[in-house]
Structures are given as structure tokens and as C-alpha cells.
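Scroll down for the structure; my scribbles are underneath it.
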Amino acid sequence: MERFRRLLAGRSIAVRLAASALFWSSLILIIAGVILTALYRQATERSFDERLLVYANDLAADLVGPADQEPQRGLGSLGDPRFDIPLSGWYWQVGRLEAQPRDVRASRSLLGNPLPTLADSSPDRRFGQIRKDYAAGPEGRELRILERDIDLGEDGRFVVRIAGPADEISDAQGRFVLALTVTFLLLGAALGLSMLFQIRFGLKPLLDLGGAVASIRRGQSERIAGDYPRDIAPLAEELNLLLDANKEILERARTQVGNLAHALKTPLSVIVNETTHPTPESPNRVREQAMIMRDQMDYYLNRARAAALAGTLGAVTDVGPVLEALARTFGKIYQDRKLTLSVGAVDSLRFRGERQDLEEMAGNLVDNACKWATSQVNVSAELVENKGRSWLRIVVDDDGPGLPPEAWEEAMKRGKRLDETKPGSGLGLSIVSELAAIYGGRLELARSPLGGTRAELSLVGDLAT
């Protein structure tokens, strides 16, 4: 069986199905043929033995007669001429248990040859038994012999033997095997043709699906169209979703690169103008514009990378270790302010995305909270269910002065700094908001129970199994 599997390795599904069906069908037909042949031989032997038993009973009836008649009068008149044809294969023989060969009566077909006995001749053996077996008869011909003991009381004990040619059983079995073989071959051919038709019909949706994918690769179509069976339809739908996701990722990356080119135009124009008409302030202005360009490049290149990786299959990140690492990092950065950073996260929480993006989103929120906090920053994470989906909810609270509700939307705009006294480029919350949108999530600001601002980040997540 292992060799059979290795032989089929790498073959097409149609070949594997056909070979598997052919193997098991052939095995079943062979086993069925062996069983039916054995049953037919048993039935043939039983029918043959019943014929021999009829002749034996007829001979026994001739032995049992009126007391004033000779027990052997009319013996052997069985009404079958084959018992009179020399060496016909049909024989009978009757004699006493201890009789000498000359006292044994036999059919003319035996020509004086004795029939082999099937039991010993001891006088204490059980009488009345019927014995059946194969044995070699005259001229070495195999015979089916039936032997019966008859006890006539004072007249003595007799043994009746009836024999018939065993080749009649073998010939009948041979004709049956031939007919069975022809029948099974025709049945196997019909099953093979129907199997090939079923395989071709059953695999046609897969062939159509392969053709649809090939047409997309050649640029002849953009989606997989057509009706598919319920087993294949989910696969076609998932492929269409994958195509849509890839197209969306490509569009996002193009958008980010186009935005980068647009954002660099103004700083480049300023730099060209300052180098064309230099002034004492030109070095500072060039440096300022270069830093703006660096920030913009980092921002848009990160967005392009995130847009390209947002749909990566199988990307999963454990949330707990990321939040704990961020707490340790920002605890060291802001240790001079003696801030208390607490993290509460379920160990089994996972984010369906890249670790670097989770670190950037959560890191910006924690960094922003630490900048505004007075003494305490709380970070927590949980899994919530909403509209049949599982969402990872990361909440960052601080006890700072907080923002008024009308400033929450402004704070998430790109490059918008609400307080010029705080370090940074004003891109932190906008980065988080856009990254969350790329992953199908969102960022919301609210009033924190600690008195400052609460940043609530919702992303697609689940629990580790």
C-alpha cells in the first residue's frame, strides 16, 4: 500500500482517483469471485452428493427385502445405463463388511475393479454413517465417492458405495468461473467507464476554476466568474477576496508613494530657492526642510510598507509581550518624570498583523500619553465581540490635562500639533489612525477616567488556541 501511495505521489487528482478506484474495485471483484466460486463448488458438490445418495438409498432398498427372498435379488437395477458402460466413471459396489472380493457385488462399469474404501473395516466401527470424499478410481480417474453402512441384523452388515466422476464437478465449476469472469470483466469495464465519466464530470468545476485563474493571470479578466458547486464556491469566493485584497494593497501602496512625491515638492522647492538665492538664514532653512523631508519619507514609506503587509496571510502577533516591552522602554525614557506605567493584557490575546505595526501604533499612543501625563499611564487590552467579529481593544489612559472634545479630531490630523512646547512632528496620532484604517480598525479619543485623554485602538484580533 505504501508503494502504491508513493507511485501516485505527484499525479493529478484524476489519475489518483482512477487508480484508487481501479485498485479497490479490482480487489473487491477478485474477493467476490473467490467467495462465489467457493460457494458454487460447495453447492455443486452438495447437489452431486444428493444424486449419489439417491442411488445409495435405492441399493439399500434392494438389500432390505422379504425374509424369504435373497437379499441380492435384483440388486443394482438403478435405471441409469451409465452403470453398465465400462469405465464410465459411474460405479456402485455392495458387499458385507468382512466379505471377500469374490463375494462383493458391483456394477458392470467397474469391470471387476474394486472401489476404494473411505473407512476402516474394523467390526466395531459405527454403522449407519454416510461418508463422502474424493479418491482415485479405475485408471486413476478421480471419483467422488459416497459410502454408507447398512445393518440388516441377522443377515449381516453391508457397505454400499456409489461413485461418480469428479470431473463433472470440476467442469461445472470451470463453466461457472468462465461465466463469472466474463460477467465481472464486463461489469468492471462498465464501472470503469462510469468512473471515468464521474471523475471527468466531478472535476470539471476544478478545471473551470483553473481556467478562470489562468485568464486572470493573462489579464483577460479581473475576477473569477461563473457558478460553482457548493464545495468549490467558497474557494472561488476566497480567491476573489484575495484578488481584491491584493488590488487594494497595491492601490494603497501607490497612493502612499504618490503622497510622498507630492509632500516632497514643497520642501524641495524651498531648498532649491535657498540654494539659488542664498541668505544668512539659508542653512537653517535648508536643515529645517531636510528634517521635514526625512519625517515625510519615514512616514510615507512606513505607510507603504504597512499597506503592503496589512493583508499578509498568517501574520499574527502576541499582544502581551509587545505592550510589556513598550512599558519597559518608555519607563526608561521618561524615568526622570517618575511616571507610573501599568500594563494589563490577556496573555492569549493576538493581533492579526505585523509586530512592527502593532509596536508603532501602541508605541505612539504610549509615547503621546507619557508626554502629557502628570504621574500615571495605564495600558490595557481585551478582546471584544462586535457584529460577529473579534476585535482587539487597546486602551491607553493618562492623568494629564486632557483635550477638549472639539480638539480630538484635530489631534489625529497629519502634522497637526496642538502644543508646540511638546517635542515631536505632530504625526504620532495620525500615524496610528491611518495604520489602524489599513488594518480595518480605528482610533478614537475620549475623556479618561484618570482625568486626561483616553486613546482607544480597535484592531482585528483573536485568542491564541
Subject >> Thr275 versus Lys332: modelled label distance in nm, points set 7 Å from Cα along the beta carbon direction >> reply: 3.9
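On a full-extension model of 0.36 nm per residue, what is the gain between Ser194 and Asp231, subtracting their alpha-carbon distance, rounded to one decimal in nm? Let's see the in-between values first.
Details: separation 37, 0.36 × 37 = 13.32 nm, distance 2.17 nm.
Net length gain for the segment: 11.2 nm.
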Original post:
Roughly how much of Lys247 is accessible, in Å² to the nearest 10, using a 1.4 Å probe?
Top reply: 120
Subject >> Among Pro229, Ser194, Thr183 the positive-end extreme of the charge dipole of segment 147-298 (Cβ point charges) >> reply: Pro229
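Could you calculate the FRET efficiency of Leu178 with Ala245 from 1/(1 + (r/R0)^6), where r is the beta carbon distance between them and R0 is 56 Å, rounded to 0.05?
Values: r = 64 Å, r/R0 = 1.15.
Efficiency for this residue pair is about 0.30.
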Original post:
Given the protein chains as shown and a 1.4 Å probe, how many square angstrom of His277 are accessible, to the nearest 10?
Top reply: 120
Original post:
So, how do all the Cα-to-Cα distances of segment 328-401 break down into 10 Å bins, in percent, from 0 on up?
Top reply: 18, 48, 27, 7, 1
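Over segment 175-289, what portion of Cα pair distances is larger than 21 Å, expressed as a whole percent? Present the calculation step by step, with values, prior to reporting the outcome.
Details: 4483 of 6555 pairs.
Percentage above 21 Å: 68.
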Subject >> Two-decimal log10 I(q)/I(0) for segment 195-255, as the Debye equation yields it once each C-alpha is a single scatterer, q = 0.19, 0.22, 0.29 Å⁻¹ >> reply: -0.74, -0.90, -1.19
Original post:
Sorting Glu237, Glu45 by accessible area (1.4 Å probe), largest first, what list results?
Top reply: Glu237, Glu45
Subject >> Rg and Dmax [Cα atoms of segment 129-239; Å; Rg one decimal, Dmax integer] >> reply: 34.3, 108
Original post:
What figure in square angstrom, to the nearest 10, would you give for the accessible area of Thr266 with a 1.4 Å probe?
Top reply: 90
**OP:** Estimate the FRET efficiency between Asp171 and Glu139 by the formula 1/(1 + (r/R0)^6), using the beta-carbon distance for r and 25 Å for R0, to the nearest 0.05.
**Re:** 0.90
Subject >> Pairwise label distance in nanometres, Leu206 with Leu111, each label 7 Å out on the Cα-Cβ vector >> reply: 7.0
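The values are calculated or read from the model by the stated rules, or taken from the named source; none is laboratory data. Just so it is clear, the model here is predicted, and its values are computed rather than measured. Quick reminder, even Gly has a Cβ in these numbers, built from the backbone with ideal geometry, and neighbours come from all protein chains shown. In case anyone asks, the SASA skips ligands and DNA or RNA and just uses the protein heavy atoms, side chains included. Shrake-Rupley method; radii C 1.70, N 1.55, O 1.52, S 1.80 Å.
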